[in-house]
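Here is the structure we will look at, set down as structure tokens.
The values are calculated or read from the model by the stated rules, or taken from the named source; none is laboratory data. Not measured: the values here are computed from a predicted model. Quick reminder, even Gly has a Cβ in these numbers, built from the backbone with ideal geometry, and neighbours come from all protein chains shown. These accessible areas exclude ligands, DNA and RNA; they are computed on the full protein's heavy atoms, side chains included. Shrake-Rupley method; radii C 1.70, N 1.55, O 1.52, S 1.80 Å.
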Amino acid sequence: MNNYVITVGREHGSGGHMVARKLAELLGIPCYDKEMITLAAKKSGLSEDIIKMHEQKKTSSFLYSLQMSVQTLPISDMVYIAQSNIIKDLAKTESCVIVGRCADYILKDFANCFNIFVYAPFEHRMNRVRDHYGCEEKNLERYITRKDRERADYYQFNTHMKWGDYKNYDLLLNSKPGIDATARIAQLAVKEFFAGKIEV
């Protein structure tokens, strides 16, 4: 393969989405985050609204999934499968950055993949959620903790691995220095990682 894929996992409020966008801009390649909703809708035949409601949500129970598998898959599973297939197709055909959606696990057998996890001190995350995202939640600490737990549960449910575990990534980045600085560090790491193998 002559193309490469960068996956970006992130804590809520760490600015990981913005780091991914900036990194893609620096490298001159597309970034897929919410765009995956549109692609999954085309792939699965489900509406974008349905996918928004069910993406990154695990099936309520294993027994329910087992019972339903004889008839039809739960919508959350259908969305996961559709997005997984899209992620694999992208990895085979173009260079890009993919945000979240267990992409690091889905592409675990792809040699042209570089996995990043973005984190930040809790206070910085609270400030970002309040100031940049305009969140009006009364208890930001509880809100951010809940969002992280949802991501962790979804990741573990689909991968049987621990979300945020350093062993699952090629690079862990603290976004405290700022979005642009963090993206530039990631860019250098990506170029070094693929040096002599793929032109970046």
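From the list R151, R184, which one is under 28 Å from S95 (Cα atoms), in contact with a helix residue (DSSP H, G or I) (Cβ under 9 Å, 6 or more places away or on another chain), basic (K, R) and open to solvent by 40 Å² or more (accessible area, probe 1.4 Å)? So that I can check it myself, show each step before the final result.
Details: R151 fails: in contact with a helix residue (DSSP H, G or I) (Cβ under 9 Å, 6 or more places away or on another chain).
Only one candidate passes the filter, namely R184.
Quickly run through segment 165-181 and pick out the residues that are in a loop (DSSP other than H, G, I, E, B) and surrounded by fewer than 17 Cβ atoms within 10 Å (Cβ to Cβ).
If we filter segment 165-181 for residues that are in a loop (DSSP other than H, G, I, E, B), which is where we start, we get 165, 169-170, 175-178.
Passing the criteria: D165, D170, K176, P177, G178.
Can you tell me which residue within segment 101-138, out of those that are assigned to a helix (DSSP H, G or I) and basic (K, R), is least open to solvent (accessible area, probe 1.4 Å)? Break it down into steps so the answer makes sense when it comes.
The initial filter retains those residues of segment 101-138 that are assigned to a helix (DSSP H, G or I), namely 103-106, 122-131.
Next cut, basic (K, R) only: 125, 128, 130.
Working: R125: 10, R128: 37, R130: 104 Å².
Looking at residues that are assigned to a helix (DSSP H, G or I) and basic (K, R), I get R125.
Would you check if A195 is out of contact with any strand residue (DSSP E or B) (no Cβ under 9 Å at 6 or more places or on another chain), more than 30 Å from L46 (Cα to Cα) and among the small types (G, A, S)? Walk me through it before giving the result.
On the way: out of contact with any strand residue (DSSP E or B) (no Cβ under 9 Å at 6 or more places or on another chain): yes; more than 30 Å from L46 (Cα to Cα): yes; among the small types (G, A, S): yes.
Considered against the rule, which asks whether it is out of contact with any strand residue (DSSP E or B) (no Cβ under 9 Å at 6 or more places or on another chain), more than 30 Å from L46 (Cα to Cα) and among the small types (G, A, S), A195 comes out as yes.
Is segment 3-14 home to any residue that is surrounded by fewer than 18 Cβ atoms within 10 Å (Cβ to Cβ), out of contact with any His (no Cβ under 9 Å at 6 or more places or on another chain) and modelled with pLDDT of 80 or more?
Filtering segment 3-14 for residues surrounded by fewer than 18 Cβ atoms within 10 Å (Cβ to Cβ) gives 3.
Going one step further and asking which of them are out of contact with any His (no Cβ under 9 Å at 6 or more places or on another chain), we end up with 3.
When the remaining residues are screened for being modelled with pLDDT of 80 or more, the result is 3.
Yes, segment 3-14 contains a residue that is surrounded by fewer than 18 Cβ atoms within 10 Å (Cβ to Cβ), out of contact with any His (no Cβ under 9 Å at 6 or more places or on another chain) and modelled with pLDDT of 80 or more.
Is at least one residue of segment 84-100 in contact with a helix residue (DSSP H, G or I) (Cβ under 9 Å, 6 or more places away or on another chain), assigned to a loop (DSSP other than H, G, I, E, B) and crowded, with 18+ Cβ neighbours inside 10 Å?
The answer is yes; a qualifying residue exists.
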